[in-house]
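Read the figures in this text as sums done on the coordinates, not as results from a lab. Since the model is a prediction, treat every value here as computed from it, not as a measurement. Neighbour counts are summed over all protein chains in view; Cβ atoms, including those assigned to glycine, are modelled from backbone coordinates with ideal geometry.
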Amino acid sequence: MHRLNVHDYPQLITSARTCRRITAAGARVITTILPSGRVLDFGGGRWSDAQEFLLAAGIHCNVYDPYNRSQAENKVALWARYDAMMCCNVLNVLTDDVLPRAIEDMATICERSKIGVVVVTVYERNKTGRGEMSGIDEYQRNERLKDYAPRLGLYFRNIRKVGKALVMNPKGSP
């Protein structure tokens, strides 16, 4: 099990610059499946738009992001309890060496925090499936949303498409 801190993701391409100021589709999906409660935004970026959107819907949201949040904020986020996790437009910027560890860490956090549902969205870009640099310190996998299901299926079950998101349950959850 990873320690889940900023040192667990020593990436040559951090993709920290890919952080965009948008309310991801995943936050909208969360509001349809969780009427209230607590959500962890895994890789939530530097902006708080999704947090504010969810709070307006009666849902509290903490963000874990080793490149865009402070170590103190990440520590608090990792050790709280949650009803759900969202991971929006994160997996698509991770290189092959980091992606499996990030998915494993998502599952570890779900187990520790007793999370029952996970929502994942990705930016598909050109959908070629060939990863490439998209700018300085910016990487895109260019994979379709459905292409992530087999990797996620190693740790999650009942993977289904809801709008522009994959919704799933951690293995071992009720």
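Here are the numbers for the structure shown:
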item: Nonlocal Lys pairs with alpha-carbon distance under 29 Å, the chain (8 or more apart, or different chains); result: 14
item: The chain: antiparallel DSSP beta bridges as a percent of all, rounded to 5; result: 45 percent
item: Normalised per residue, the volume of the convex hull around the Cα set of the stretch 14-155 (Å³); result: 102 Å³
item: Fewest-first ranking of Ser70, Ser173, using other Cβ atoms within 10 Å as the exposure measure; result: Ser70, Ser173
item: Sequence of Val98, Val76 once ranked by neighbouring C-beta atoms within 10 Å, starting from the fewest; result: Val76, Val98
item: Proxy reagent accessibility, fewest Cβ within 10 Å first, across Ile30, Ile109; result: Ile109, Ile30
item: Gyration tensor (alpha-carbon) shape descriptor, the stretch 36-86, a/c threshold 1.5; result: oblate
item: In order through the stretch 53-70: 3J(HN,Hα) via Karplus (6.51 cos²θ - 1.76 cosθ + 1.60), integer Hz, x for Gly, Pro; result: 4, 5, 4, 4, 8, x, 10, 7, 9, 10, 10, 10, 7, x, 9, 10, 10, 5
